[in-house]
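The values are calculated or read from the model by the stated rules, or taken from the named source; none is laboratory data. What you see is a predicted model, and the numbers here were worked out from it, not measured in a lab. In this analysis, Cβ positions are derived from the backbone assuming ideal geometry, glycine residues included, and neighbour counts consider all displayed protein chains.
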Amino acid sequence: MNSPIKSLDVLRRYKLVCTLSFGDVYSQIIVWLLVIFLSLATAMGLMGASRPVFALGVVGLILVLSLPFLLFAFVSTLLNHIEIREVEVNPEPESIADPVVVSGMQSPVLN
């Protein structure tokens, strides 16, 4: 039977690393800004046509219909850039009795 402590030791050998960079989401930000400006331009055009309720409805419809797709694209991009990497395991644990060198000086060994 496996002990929980042994299972935790296996998990400590790995770490999650996010490799997402700004360039990965840059195009998504540009698309989102274009959607916002197009919806605002549509609203301004319809406001001038004396249809303010229709203008607000169009803006709401554009934002509500586009937001789930843009969020899905961002979240899937984020999840695709998360990696599981193995951590280097140090086979010999450091002894507490070893002196620690800090900026050229040895610290005293505490027992």
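Quick notes on this one:
Each row is one residue, and each column tells you yes or no for (1) outside any helix (DSSP H, G or I); (2) modelled with pLDDT of 85 or more; (3) over 30 Å from Leu20 (Cα atoms).
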residue: Leu34; (1), (2), (3): no, yes, no
residue: Ser39; (1), (2), (3): no, no, no
residue: Thr42; (1), (2), (3): no, no, yes
residue: Met47; (1), (2), (3): no, no, yes
residue: Ser50; (1), (2), (3): yes, no, yes
residue: Phe69; (1), (2), (3): no, yes, no
residue: Ala73; (1), (2), (3): no, yes, no
residue: Ile84; (1), (2), (3): yes, yes, no
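- Evaluating Ser50 against the criteria (1) surrounded by fewer than 14 Cβ atoms within 10 Å (Cβ to Cβ); (2) of a type outside the set (Asp, Glu); (3) within 27 Å of Ile84 (Cβ to Cβ) leaves one unmet condition, (3).
- Cross-chain or 6+ apart pairs with Cβ under 6 Å, region 46-59 first and of a type in the set (Phe, Trp, Tyr), then in a helix (DSSP H, G or I) and surrounded by 13 or more Cβ atoms within 10 Å (Cβ to Cβ): Phe54/Leu46
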